[in-house]
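Down below is the structure, laid out as structure tokens.
Quick note: the coordinates plus some simple rules give every number you see, no bench work behind them. All figures in this text were calculated on a predicted structure; none of them were measured in a lab. Every residue, glycine among them, receives a Cβ derived from its backbone with ideal geometry; neighbour counts consider all protein chains shown.
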Amino acid sequence: MSETNGWFAAGDRDDPDAMTTAIRQGSADESRDWPALAVEAGFASEAEEYYDALREATTAATRAAVTERERADDRQLVHAIRAMDDMGRILL
């Protein structure tokens, strides 16, 4: 995302991975009229369509973030169990 382009400028609207990445990695210093800019750029035909796409992209980005966190917690649990198993072998 740049000063003039919103998350929607990152790629094809039909590419969920590109939209998710744009949402997760993008930022802006100030708010702009993003729906109007999306319509001007041809990303959406109207503001309502922009908001539908935004909802889809933010939901996918949130789902990806939660999945990453769940995997991280699972890995920590596996490491903790292995460490306990190692300690059991060392102490016995």
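Taking only Cα atoms, what is the 0 to 90° angle, nearest 10, from helix 47-91's long axis to the longest principal axis of the chain?
Approximately 10 degrees, to the nearest 10.
Could you put 34, 7 in order, starting from the residue whose Cβ has the fewest other Cβ atoms within 10 Å?
34, 7
Could you give the length gained by full extension between residue 40 and residue 63, i.e. 0.36 nm per residue of separation minus their alpha carbon distance, to one decimal place?
Full-extension gain reported as 5.4 nm.
So what's the back-of-envelope 222 nm ellipticity for the chain, counting only DSSP H runs of four-plus at -39500 (n - 2.57) apiece and dividing by all residues, rounded to 500? Walk me through the numbers before you get to the answer.
Numbers: 3 runs with 62 residues, N = 92.
After summing the helix terms and dividing by the residues of the chain, the value is -23500 deg cm²/dmol.
Roughly what angle does helix 16-25 make with the longest principal axis of the chain, taking Cα atoms, 0 to 90 degrees, to the nearest 10?
80 degrees
Could you put 27, 45 in order, starting from the residue whose Cβ has the fewest other Cβ atoms within 10 Å?
Lowest count first: 27, 45.
Tell me, in nm to one decimal, what length is gained between residue 82 and residue 17 on full extension, where the rule is 0.36 nm per residue of separation less the Cα-Cα distance?
Gain in length upon complete extension: 20.0 nm.
Hey, fewest Cβ within 10 Å first, where do 43, 8 land in order?
Listed from fewest to most nearby Cβ atoms, that is 43, 8.
Mind checking the full-extension length gain between residue 74 and residue 55? Use 0.36 nm per residue of separation minus the Cα-Cα distance, one decimal, nm. Before the final figure, lay out the partial values.
Values: separation 19, 0.36 × 19 = 6.84 nm, distance 2.84 nm.
Gain on stretching residue 74 to residue 55: 4.0 nm.
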